[in-house]
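This report concerns only the one structure given below.
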Amino acid sequence: MSVEGLSSVTPARGDLLSRIGAGHIVLAVALLLFPFLASGFFITQIGAYSLIFGMLGLSLMWLAGYGGMVSLAQITIAGVAGYSMAIFGENNAGVHGFGWPWWILVPVAVFIAALASALVGWISVRTSGIYTIMITLAVATAMHYFTQQNYTMFNGFPGFAGVRAPTVFGIYWRDPMPFYFLCLAVATLSYLAVLYASRSTFGLTLQATRDNPRRMRAIGYDVTAHKVFAWFLAGIIAGLAGVLQVWFNGRISPGTINVAAAINVLIITVIGGMRHPIGPFLGAVVVILMQTFAIDLVGAERFNTLIGLLFLVIVFVSPDGILGLWERAKPRIAPGSLRSGP
């Protein structure tokens, strides 16, 4: 190949690398190698579980970061998908369990969760700020107590057990390695979807609506419709996380969707950072590691205090979470410092 040919190919490769980003490549390699270097406990309890809660945080980050709508109902939306899996699929509680195949059950459960999310959004988007938070908190609390007291549909306090992941092509998807890669694939698709949506026409319009809804209405945009559709998209991500969560636990109960779990999703998202979709996954890793190991050091009684102190420290030091700390620590290279020669 001629020198001219090399000069025409190299910039294209450099442009592709700059678009993907070296950080994304390193992270992808690390995530792919992780299950081959870790034990089954770390693969599922740390790796897969962090990906699941990272997706829940991602759905909140999409609403709050790009839409300006802070929600405490994301675990509730995931619970709608989880209960749909138990009711329409198989369980050993002796209540419902219609036995639908997984390839029909999963899309139906996610769609029901997305509709429930859009309904919550339709109720809450007419408010803003603290009022939106309080409405979504009320929804989360009401759903928790409704499932706990309703035995006809939700089997009350015990919930549903025996919700198994499927076996496809002889592979049981709850085994540590397959389940991790399943969670990784779904989390990656969700992450890329949020990145793409944030740069699409709809995503830019949503961000403009967040910044100045009155002006967007004045130029002819249906602000309410944009916000409700954003809730629908967030519901898809939360619904997928709910499906993975019920397969992870093998059960779904009111305790899965209680207020503490709803607040944990908010904490995860704020700790990681709401400025970029990778933030919730960073926050999920930190919180899951603390839940797994720190509780043995400080005890169950003081564990929530430790989480609260970490939350306060990060918020005071860096309102943008771990991502904000990373941006401060990242070396800044001057544009002309890499040039060779005079």
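What full-extension length gain, to one decimal in nm, is calculated for Ala38 and Thr167 as 0.36 nm per residue of separation minus the Cα-Cα distance?
Details: separation 129, 0.36 × 129 = 46.44 nm, distance 2.34 nm.
Contour length minus the Cα-Cα distance gives 44.1 nm.
For segment 28-40, take each phi angle, set θ = phi - 60°, evaluate the Karplus expression 6.51 cos²θ - 1.76 cosθ + 1.60, and give the result in whole Hz per residue in order, putting x for glycine and proline.
With coefficients 6.51, -1.76 and 1.60, one gets 4, 4, 5, 5, 6, 7, 3, x, 7, 10, 10, 7, x Hz.
Per residue Cα convex hull volume for segment 81-208, in cubic angstrom?
On the way: hull volume 18.6 nm³, N = 128.
Hull volume normalised by residue count: 145 Å³.
If you place +1 on the Cβ of every Lys and Arg, -1 on the Cβ of every Asp and Glu, and leave all else neutral, what size is the dipole of segment 99-244 about its Cα centre, to the nearest 20 Debye? Mind dumping the intermediate values first?
On the way: 9 positive and 3 negative charges, 82 e Å.
Value, rounded to 20: 400 debye.
Could you compute the net charge surrounding Arg217? Neighbours are other residues with a C-beta less than 15 Å from the C-beta of Arg217; K and R count +1, D and E count -1.
Here the count lands on +3.
Given H placed on each backbone N at 1.01 Å, which residues far from Trp100 in sequence or on other chains put an amide H within less than 5 Å of it?
Gly89
If packing is taken as the average number of other Cβ atoms within 10 Å across a peptide's residues, how do 117-128, 99-110, 183-194 rank, most packed first? All intermediate terms of the calculation are to be shown ahead of the outcome.
Details: 117-128: 19.7, 99-110: 16.2, 183-194: 18.2.
Averaged packing, sorted descending, gives the order 117-128, 183-194, 99-110.
Treat every Asp and Glu Cβ in the chain as -1 and every Lys and Arg Cβ as +1, leave all other atoms uncharged, and give the resulting dipole magnitude about the Cα centre to the nearest 20 debye. Show your work: numbers first, answer last.
Values: 18 positive and 10 negative charges, 147 e Å.
Value, rounded to 20: 700 debye.
What FRET efficiency, computed as 1/(1 + (r/R0)^6) with R0 = 30 Å and r the Cβ-Cβ distance, is obtained for Ala260 and Glu327, rounded to the nearest 0.05? Please report the intermediate quantities before stating the final value.
Values: r = 31 Å, r/R0 = 1.02.
For Ala260 and Glu327, the calculated efficiency is 0.45.
Tell me, what ³J(HN,Hα) does each residue in segment 170-182 have, in order and in whole Hz, if you take phi through Karplus 6.51 cos²θ - 1.76 cosθ + 1.60 with θ = phi - 60° and put x for Gly and Pro?
Going residue by residue, I get x, 10, 7, 6, 9, 4, x, 5, x, 5, 4, 5, 5 Hz, with x marking Gly and Pro.
Which one, Val125, Pro166, Met153, is farthest towards the positive end of the dipole of the chain when Lys and Arg carry +1 and Asp and Glu -1 on their Cβ?
After comparing all options, I get Val125.
Tell me the relative contact order for the chain as a rounded percent, counting alpha carbon contacts under 8 Å between residues six or more apart. Could the numbers behind the result be given before it?
On the way: 478 pairs, mean separation 95.1, N = 342.
This gives 28 percent for the chain.
Write down the Kirkwood hydrodynamic radius of the chain, to one decimal in angstroms, obtained as one divided by the mean of 1/r over all alpha carbon pairs.
Details: mean 1/r = 0.0465 Å⁻¹.
One over the average 1/r among Cα pairs gives 21.5 Å for the chain.
Can you check what the net charge comes to around Ala48, using other residues whose Cβ is under 14 Å from the Cβ of Ala48 (Lys, Arg +1; Asp, Glu -1)?
Neighbour charge sum, excluding Ala48 itself: 0.
Run the numbers for Asn249 and Ala138: contour at 0.36 nm per residue of separation, minus the present Cα-Cα distance, in nm. The partial results should precede the final answer.
Working: separation 111, 0.36 × 111 = 39.96 nm, distance 2.56 nm.
Gain on extension, Asn249 to Ala138, equals 37.4 nm.
HN-Hα J couplings of segment 49-55 from phi, Karplus 6.51/-1.76/1.60, θ = phi - 60°, integer Hz, Gly and Pro as x?
Rounded to whole hertz, the list is 5, 5, 5, 5, 6, x, 5.
Under 13 Å from the Cβ of Cys183, count the other residues' Cβ atoms, weight Lys and Arg +1, Asp and Glu -1, and hand me the total.
Details: positive: Arg174; negative: Asp175.
That works out to 0.
Ranking request for peptides 66-77, 274-285: highest mean number of other beta-carbon atoms within 10 Å first, then the rest in descending order. Each step should come with its number before you reach the end.
Numbers: 66-77: 27.1, 274-285: 23.8.
Highest-to-lowest ranking by the protection proxy: 66-77, 274-285.
Can you find, among Leu182, Asn92, Ile219, the residue farthest towards the positive end of the dipole of segment 52-262? Put +1 on the C-beta of Lys and Arg, -1 on that of Asp and Glu.
So the residue we want is Ile219.
What distance in nm lies between label points placed 7 Å from Cα along the C-beta direction at Ala28 and Phe111?
3.2 nm
Where a number appears in this text, it was derived from the coordinates with a stated rule and is not lab data. As the structure is a prediction and not an experimental result, all values here were calculated from the model. Cβ sites come from the backbone with ideal geometry, for glycine too, and all protein chains shown count toward neighbours.
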